[in-house]
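Below you'll find the structure, written out as structure tokens, and then a few comments.
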Amino acid sequence: MQDTTTPESAASIYRETEEFILGLISGPPSPPPGTPPEEIRQRAIERLDRMRAFLDFIGNPQRKFRAIHIGGTSGKGSTSTFTASILTAAGLRTGLHVSPYLQVSTEKLVIDGQLIPAQRFAEMVNELAAQVDAWVAAGNAPLLYGEFWVALTFLFMAAEGVDAGVVEVGAGGRFDLTNVIEPEVVGITSIGLDHTVTLGDTLEAIAWHKAGIIKPGVTAVTAVREYGPLGIIRAEAEQAGARLIEVAQDATFRIEATDARGTTFTDLASGASFHVPLPGRFQAANAATAIAIARAFDPELVSDAAIREGLASARFPGRMEIVGRDPLVLLDGAHNPQKIAGLASDVAQITEGRRLIAVFGVLESKRYAAMVKTLAPHIDALVATSPRVYAKPAIDAAEIARHAAGLIPEVHAEPDPLAAVDLALSLAGPDDAVLVTGSLYLVGNVRERWYPSERVLAQGTMWPTGE
């Protein structure tokens, strides 16, 4: 997927194409509060039926490649990335779809670590748009944003002839639009309280949604250990006749170390030691889950050497990503209480005890009070801000600052994300650390300071060429 366009032309092609897709956004992203559960479920079932019908209309591209489906409250993006990288190292042409994106939507269409070029992106969108026109001409309603993206993902992977397509669940699982694929292996990374309006407000209710990606005869891998949610997953696997592999710390893997250079762990089945360049103890669980998924998918090709190479080369922007050294600057898109708790448990070790200034902002639907409370004991100053994202409102920076004032010694409010980072950097000395967290969208906003979208689009990678 080589791209010969200049940064300027790539950006122009991308913007025009993205403007068309964004124009498909219509209505609220979730049912309004108070919507009866049965109405929410019926809406979801109708969306899935419609998705299947459209895919059938265009020739069922989702059936033209071997698939892996990965869900979970936290860790599903990292696990998907690790899995894809391992399979690429094993010699398979591997497609990867993760959601949401940070800076450019082409991050969601990746082959062997390379983003789809802007020109190819435009061609694929135009091809799908023509098929949608034919669908509408046959008497059907136009596709909405999420439906278009799922169809585009499958069309892209089929057109690219991938040996393996790794698809991350958007939200939930059972009624997620991606749950029309017929995977060989599925993964469920964790269960936590997030998207409670649509998924329910108990771990068991959320586990039921996540377990819905388990299909008859597949191999399912899970790192969930909580008794109630794990029971739901086990019951779903048994009912579907699916083989279930459980991944657990000190039973299937052992964490050796984590610091700013990454995380090292031992696979207890083989005795092999592996390293991932992402800091955080939770990344060991994600990587161990990815190993189990990859081995289940192709046990003959996935050797310890392929695993070692795949994990070592895996990179995932915005997940404990280091973008500066003096001061240390970390970007981590922890966007729910579970993710923040995982971040908080490791941040002192990763930053080596430095004074820590956090830039924090969340979307309106998030439980920001619980997140601030969890983060507060680990930071010395907070700059509250508001992520900027199309059609998704954020919590006001001043509101976050007011809540944090009694919990954190030094609190500031700066609504503009880039200005908030500048303020945090001005507060930090060379031996301090700055952490940007609370939202993947916020991380995407501020990542522009170090890696402009134009460069990402032109180079087809989230990092400077050669890095």
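Every number here is computed from the coordinates shown, using simple stated rules; none is lab data. All values derive from a computational prediction rather than experimental measurement. Here Cβ is always computed from backbone atoms with ideal geometry, including for glycine, and neighbour counts include all displayed protein chains.
Which percent, nearest 5, of DSSP beta bridges in segment 321-453 are antiparallel?
Roughly 20 percent of the DSSP beta bridges within segment 321-453 come out antiparallel.
Past 24 Å, Cα to Cα: identify those pairs from LYS339/LYS373; LYS215/LYS392; LYS108/LYS373; LYS64/LYS392, in the order given.
LYS215/LYS392; LYS108/LYS373; LYS64/LYS392
If amide hydrogens are placed 1.01 Å from N in the peptide plane, which non-local residues have theirs closer than 5 Å to the one on LEU109?
For LEU109, whose amide H was placed from the backbone, the distant partners under 5 Å are ILE116.
Can you sort HIS69, HIS403 so the residue with the fewest Cβ neighbours within 10 Å comes first?
If I rank by nearby Cβ atoms, fewest first, I get HIS403, HIS69.
For ASP250, ASP332, ASP56, which order do you get if you count the other beta carbons within 10 Å of each Cβ and list the fewest first?
ASP250, ASP56, ASP332
Provide the per-residue ³J(HN,Hα) series for segment 293-304, in order, calculated from phi with Karplus coefficients 6.51, -1.76, 1.60 and θ = phi - 60°, each as a whole number of Hz, with x at glycine and proline positions.
Per residue, the Karplus-derived 3J(HN,Hα) values read 5, 5, 5, 5, 6, 8, x, 6, 7, 7, 8, 4 Hz.
Subtracting the Cα-Cα distance from 0.36 nm times the residue separation, let me have the gained length for ALA348 to ALA159 in nm, one decimal.
63.5 nm
With θ set to phi - 60°, apply the Karplus curve 6.51 cos²θ - 1.76 cosθ + 1.60 along segment 254-271 and write out the HN-Hα couplings as whole Hz, x wherever there is a Gly or Pro.
These are the phi-based 3J(HN,Hα) values: 10, 6, 9, 6, 9, 7, 5, 8, x, 10, 10, 8, 10, 7, 6, 5, 9, x Hz.
Have a look at ALA358, GLY333, TYR368 and report the one farthest towards the positive end of the charge dipole of segment 312-376, computed about the Cα centre with Cβ charges (Lys/Arg +1, Asp/Glu -1).
TYR368
Taking 0.36 nm per intervening residue step and subtracting the Cα-Cα distance, what contour gain separates ARG63 from LEU301 on full extension?
Additional length available on full extension: 83.5 nm.
Work from the charge dipole of segment 31-139 (Cβ charges, +1 for Lys and Arg, -1 for Asp and Glu, about the Cα centre) and give the residue of TYR101, GLN62, ALA90 farthest towards its positive end.
ALA90
At 7 Å along the Cα-to-beta-carbon direction for both GLU46 and LEU407, put a label point, then send me their distance in nm to one decimal.
Here the modelled spin labels are 3.9 nm apart.
Among DSSP beta bridges whose residues both lie in the chain, state the antiparallel percentage, nearest 5.
35
For segment 290-343, which semi-axes, largest first and in whole Å, follow from the square roots of 5 times the eigenvalues of its Cα gyration tensor?
Computed over segment 290-343, the values are 30, 16, 7 Å.
Mind listing the phi-derived Karplus ³J(HN,Hα) values for segment 200-207, rounded to whole Hz, using 6.51, -1.76 and 1.60 with θ = phi - 60°, and x for any glycine or proline?
Using θ = phi - 60°, the values come out as x, 10, 10, 4, 5, 5, 5, 4 Hz.
If I stretch the segment between THR266 and ARG225 completely, what's the gain in nm (0.36 nm per residue apart, minus their alpha carbon distance), one decimal?
Once the chain is fully extended between THR266 and ARG225, it gains 12.9 nm.
With Cβ to Cβ distances under 13 Å as the rule, what net charge do the other residues near ILE379 carry (K, R +1; D, E -1)?
Taking every other residue near ILE379 into account, the sum is -1.
Within segment 275-339, list the GluC sites (Glu not before Pro) lying in a DSSP loop whose Cβ has at most 11 other Cβ atoms in a 10 Å radius.
GLU300
If I model a spin label at ASP259 and SER273 as a point 7 Å from the Cα along the Cα→Cβ vector, what separation in nanometres do I get?
Label-label distance for ASP259 and SER273, simple model: 1.4 nm.
Where a ≥ b ≥ c are the square roots of the eigenvalues of the C-alpha gyration tensor, would you call segment 321-453 rounded, which needs a/c under 1.5, or, failing that, prolate if a/b is larger than b/c, or oblate?
rounded
Nothing charged except the Cβ atoms of Lys and Arg (+1) and of Asp and Glu (-1): what's the magnitude of the dipole of the chain about its Cα centre? Round to the nearest 20 debye.
620
Can you list the residues, at least 5 places off or on another chain, whose amide H is less than 5 Å from the amide H of ILE395, using H built in the peptide plane?
Here VAL362, LEU363, GLU364 satisfy the definition.
Give the residue list of GluC sites (Glu not before Pro) in segment 183-262 that are DSSP loop and have at most 15 other beta-carbon atoms within 10 angstrom.
Those satisfying the criteria are GLU226.
Taking the dipole about the Cα centre of the chain, with the C-beta of Lys and Arg at +1 and of Asp and Glu at -1, give me whichever of THR437, LEU143, ALA248 is farthest to the positive side.
ALA248
Give the order of PHE175, PHE360 when sorted by the count of other beta carbons within 10 angstrom, beginning with the fewest.
The fewest-first ordering by Cβ neighbours comes to PHE175, PHE360.
Which residues' amide hydrogens lie under 5 Å from the amide hydrogen of LEU435, considering only partners 5 or more residues apart or on another chain, with H built in the peptide plane?
Amide H neighbours of LEU435: LEU330, ILE357, ALA358, VAL359.
Simple spin-label model, 7 Å along Cα-to-Cβ: GLU38 to ALA130 in nm?
4.6
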